[in-house]
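Presented below is the structure to which this report refers.
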Amino acid sequence: MLEDLRTLLMRDWLENNALVGVEKIELASSDASFRRYFRAATRHCSRIVMDAPPEKERLDAFIKVAGLIRGVGVKVPEIYQHNLEDGFLLLEDFGDQSFFKNAGVFPDSFLYQGALDSLFQLQSAPSLQKAALPNYDEALLRRELAVFTTWFLGELVDRELPQTLWEALQQGLVDSALCQPVTFVHRDYHSRNLMVLPDGQPGLLDFQDALLGPVTYDLVSLLRDCYRTWPKPQVAAWVNAYWQRLSDAGIIDCTPEVFRQWFDWMGLQRHLKAMGIFSRLHLRDGKPSYLADIPRTLGYVTEVCGDYPQLAAFAEFLLSDIQPRLKEVLNA
């Protein structure tokens with residue numbers, strides 16, 4: 001099997017090129033891409049080995065963004081050695097205690113204040129705002145929204161959204177995203193990619209797709225997490241406090257009400273895309289566990305649509321047609 005060949009190739013690189021004496025190696029995790037992560041135990045320490053097949057994944061982006069983030073004082077794994085030809089990295093081991101796994105173990109105010117502090121560092125560091133990273137432009141926003149119509153509507157629930165309604169919704173979401181101040185965007189700043197470290201700072205993972213884009217993108221990823229739900233008053237308090245922080249720093253110049261709409265509509269774009277990705281992971285990649293996260297994500301979408309009269313028609317489509325159909329699919 002290809003996986004067996006990759007593992008043998010990885011062991012050979014570790015022992016004969018990286019000169020790492022591995023006593024035990026086991027799968028640590030796999031994510032929503034083609035990457036896998038192994039935990040390699042040596043006599044003195046533990047390391048993580050990223051397995052990223054070069055025909056599927058690019059390691060140069062991971063290395064570049066890791067350096068940018070580390071340069072502003074936010075924690076990312078140290079890269080000890082790399083093999084770009086075969087697609088392997090030897091990384092610092094941040095352990096296996098993510099924010100997601102530690103829900104209720106540590107005070108949420110402690111963990112999430114640290115995450116908000118690190119996010120502010122990323123969004124306020126001049127070096128990151130000037131970094132040579134791709135822009136979150138209209139073409140990319142529309143490609144991401146197409147994942148929703150193709151994989152969730154078309155493939156998973158077999159429903160079609162009226163074209164005029166979809167075009168109006170797309171244009172509204174794109175316009176809202178593009179009118180926001182542009183900052184560094186991690187793109188997956190949520191509880192499964194934030195690790196609990198001994199010094200109290202969060203450790204960031206899965207940052208290789210970073211871009212320059214809307215200021216609310218990572219905030220909504222964190223506070224309207226597809227894997228964890230927060231009470232609405234708590235989310236509102238965090239959003240208002242973060243608006244004040246950005247305002248005081250001169251990063252934004254808008255009212256709290258405008259910022260909240262940016263946040264809500266950015267969440268719509270992200271959550272529609274996520275529903276499409278979860279559907280694709282199940283249907284194309286054989287990863288059905290992500291289906292369990294669709295109802296929560298759809299709940300965010302319907303909740304936000306209910307707060308804006310201009311989204312009422314889309315809310316009605318979701319409530320009357322999509323929610324019942326989704327229940328049928330998930331219970332089949």
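The values are calculated or read from the model by the stated rules, or taken from the named source; none is laboratory data. What you are looking at is a predicted structure, and each value in this text was computed from that prediction instead of being measured. We place every Cβ from the backbone using ideal geometry, glycine too, and count neighbours over all the protein chains shown.
Remarks
- Exactly one residue out of G276, G299, G267 is surrounded by 13 or more Cβ atoms within 10 Å (Cβ to Cβ), closer than 21 Å to C179 by Cβ, of a type in the set (G, A, S) and within 20 Å of the chain's Cα centre (by Cα), and it is G267.
- Qualifying residue in segment 255-262 (condition: surrounded by 15 or more Cβ atoms within 10 Å (Cβ to Cβ), among the hydrophobic types (A, V, I, L, M, F, W, C) and within 18 Å of L318 (Cβ to Cβ)): no
- Residues satisfying the stated conditions in segment 202-250, i.e. out of contact with any Lys or Arg (no Cβ under 6 Å at 6 or more places or on another chain), closer than 19 Å to E144 by Cβ and charged (D, E, K, R): D206, D218, R224, D225
- Exactly one residue out of P77, P54 is closer than 19 Å to M10 by Cβ, of a type outside the set (S, T, N, Q) and touching a Gly at 6+ places or on another chain (Cβ under 6 Å), and it is P54.
- The set of residues in segment 37-48 being touching a helix residue (DSSP H, G or I) at 6+ places or on another chain (Cβ under 8 Å) and farther than 13 Å from G21 by Cα consists of F38 alone.
- Some residue of segment 115-124 being in contact (Cβ under 8 Å) with a residue 24 or more places away in the chain, buried (at least 18 other Cβ atoms within 10 Å of the Cβ) and more than 18 Å from the chain's Cα centre (by Cα): no
- Elements of the type helices (runs of 4 or more DSSP H) sitting completely within segment 138-249 and holding at least 1 residues that are among the acidic types (D, E) and crowded, with 17+ Cβ neighbours inside 10 Å: these cover 138-147, 217-223.
- Of all residues in segment 18-77, those being of a type outside the set (A, V, I, L, M), closer than 14 Å to D206 by Cα and in a loop (DSSP other than H, G, I, E, B) number 7.
- Where a residue in segment 282-305 is in contact (Cβ under 8 Å) with a residue 24 or more places away in the chain and within 16 Å of W151 (Cα to Cα) and its partner, wherever it lies, is of a type outside the set (S, T, Y) and in a loop (DSSP other than H, G, I, E, B), with Cβ under 7 Å and at least six apart: D293/C226; T297/C226
- Exclusive hit being among the aliphatic types (A, V, I, L, M) and at pLDDT 95 or above, set L90, L59, L116, L84: L116
- Only one of the listed residues (D86, D93) is among the charged types (D, E, K, R) and either surrounded by 19 or more Cβ atoms within 10 Å (Cβ to Cβ) or closer than 25 Å to P198 by Cα (or both). That residue is D93.
- Check on V174, more than 30 Å from E328 (Cα to Cα), touching a Pro at 6+ places or on another chain (Cβ under 8 Å) and in the same structural domain as K273 (by TED's automatic domain parsing): no
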